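The values are calculated or read from the model by the stated rules, or taken from the named source; none is laboratory data. Bear in mind that the values here come from a model prediction, so they are computed numbers and not experimental data. Using ideal geometry, Cβ is built from the backbone for each residue, glycine included, and neighbour counts are taken over all protein chains shown.
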């Protein structure tokens with residue numbers, strides 16, 4: 001082993017650039033990583049590495065700004081492409097990351113670059129906040145829409161559960177009053193039943209001062225009807241519905257209206273349990289009168 005004597009001249013070290021020093025130390029510049037690699041970094045690492053790079057360079061390197069811009073755009077596109085699968089924290093985290101890197105200390109320097117990264121990143125950060133507000137509004141609208149739909153199902157389930165008769169307005173109001181959601185006031189319940197009638201879920205007829213509701217032709221769209229019919233239908237057989245035919249409903253309404261008013265020759269029989277009992281009363285009258293008895297037109 002040879003030890004250099006004090007008289008041996010020592011060669012001075014050559015000056016190397018900061019880039020070469022980083023390469024020798026094994027620390028590569030942040031912008032040398034691909035966008036895909038940087039996307040996998042946690043937000044804390046992205047922020048810390050960017051701040052260290054700015055402090056070491058004593059400036060905001062344009063190469064770093066360009067690479068961060070690509071990363072921010074890629075992350076924004078991913079969130080906006082499928083916002084229903086993204087969490088609220090994803091939008092907030094990206095907004096905070098962009099705002100922390102594009103701080104007030106470097107904003108002027110970023111805007112001095114041709115791409116004006118300062119203003120560009122501020123728009124992206126604001127976009128995250130706007131997207132969250134839109135999501136909140138959409139979720140609120142969906143929640144408001146689910147409330148009447150839930151009430152529709154309760155009404156449909158109650159009507160289908162009373163086979164053989166309709167339900168009065170008061171009975172349906174009592175059912176909705178016990179529910180956790182849905183209208184409770186007289187006006188709200190009337191609006192709900194009017195909407196269901198317009199969609200064909202329920203039909204109604206009036207007898208005196210009372211109004212009765214029964215299954216409409218489109219009540220088969222309800223989950224209550226499907227639970228009673230789809231899952232219990234025999235294999236290979238057509239599903240039988242308990243829905244009245246339009247012609248039967250028309251006859252039913254006419255008969256209910258006719259028997260509700262006192263007859264000139266006597267007292268009309270009372271229909272205590274809605275239209276289907278009125279139908280049975282018609283059959284009984286027909287059986288007593290015989291097959292050859294004349295039929296009233298329109299009944």
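Filter the range 75-114 for residues that are in a loop (DSSP other than H, G, I, E, B), within 34 Å of the chain's Cα centre (by Cα) and over 15 Å from residue 129 (Cα atoms) and give the result.
Across the range 75-114, the qualifying residue is only 82.
Between a residue in the range 72-91 that is touching a residue at least 12 places away in the same chain (Cβ under 8 Å) and any residue that is surrounded by 14 or more Cβ atoms within 10 Å (Cβ to Cβ) and not in a helix (DSSP H, G or I), which pairs come within a Cβ distance under 8 Å, given they are 6 or more apart or on different chains?
79/86
Under the condition of being buried (at least 16 other Cβ atoms within 10 Å of the Cβ) and within 17 Å of residue 74 (Cα to Cα), which residue from the range 115-130 is farthest from the chain's Cα centre (by Cα)?
117
If you scan the range 162-189, which residues turn out to be closer than 21 Å to residue 218 by Cα and free of Cβ contacts under 8 Å to residues at least 12 places away in the same chain?
Correct list: 162 only.
Pick from the range 131-162 the residues that are surrounded by 12 or more Cβ atoms within 10 Å (Cβ to Cβ) and farther than 22 Å from residue 189 by Cα: which of them is modelled with the highest pLDDT?
131
Keeping to the range 174-201, report how many residues are surrounded by 15 or more Cβ atoms within 10 Å (Cβ to Cβ) and more than 26 Å from the chain's Cα centre (by Cα).
Total satisfying the criteria: 1.
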